[in-house]
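Reviewing the structure listed below.
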Amino acid sequence: MTEQTYCDRLAQDRPFLTGLGRLSEQQVDRIILQLNRYYPQILSNKDAEKFRNPKVSLRVRLCDLLGHLQRSGERDCQEFYRALYIHAQPLHSCLPSRHALQNSDCTELDSGTAGRELSDRGPVAFLTCLGLAAGLALLVYCCPPDPKVLPGARRVLGFSPVIVDRHVSRFLLAFLTDDLGGL
C-alpha cells in the first residue's frame with residue numbers, strides 16, 4: 001500500500017474542513033498568520049491579506065486557501081496540518097484522513113481479540129472472584145476479634161491460605177492474630 005501524501009490528505013479532508021461551523025474565523029486567521037509569519041515562502045503578505053479579507057465569506061476564503069496550498073506542494077500542505085493541529089487540535093483529531101490512516105495501520109490485527117482485551121476468562125470467573133472477595137470482606141468485617149463468637153470461622157480461615165494466592169494469604173493470616181491493629 002502506498003502512503004498517502006499530505007496533498008492527498010488535504011483533498012480528502014477539504015469537504016470536512018469547509019463544512020459549516022468546523023473552523024471559526026479566529027482559527028482560520030491564526031492558521032493563515034502562522035503560515036505567513038513562520039513560513040513566508042508558503043503565504044506571502046499579499047496572499048495572507050487575500051485569505052483574511054473579512055468581506056469574503058469564511059468558506060470561500062478557506063476553499064481558496066486550501067486550493068492554494070494544494071497547488072503549492074507537499075511541504076505547504078504539511079505545514080497547514082501542523083498549524084491546524086496547533087490551533088484546532090480537536091478538529092485535527094476528527095479529520096477523515098486521520099481515521100483512514102488509523103484504520104489502515106490496524107489491518108494486521110485480529111479483530112476477534114478485541115472482546116478479550118482485559119481478560120479471556122469470562123464473566124463467570126469474574127463474578128466468582130468478586131463473590132469470594134465480597135464474602136471474605138464481609139466475614140472479616142462482621143467477625144469480632146473475640147474467638148468465642150465464631151470459632152469455626154477462624155478454623156476455615158486458617159486453611160484458606162493453602163488455597164488462596166500468596167498475596168491474599170498474608171491478610172488472612174493477619175486476621176488469625178488477636179491484635180487486628182497490626183494490619
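Remarks
- Added length on full extension, which subtracts the Cα-Cα distance from 0.36 nm per residue, Cys63 to Tyr38: 6.9 nm
- Nitroxide proxy distance, nm - points 7 Å out along Cα→Cβ at Gln89 and Thr5: 3.0 nm
- Rounded D (µm²/s) - region 1-87, Kirkwood Rh over Cα pairs, Stokes-Einstein at 4 °C, 1.567 mPa s: 100 µm²/s
We did not get these values from a lab; they are worked out from the coordinates using the rules stated. Source: prediction; values computed, not measured. Positions of Cβ are backbone-derived with ideal geometry, glycine not excepted, and every protein chain shown enters the neighbour counts.
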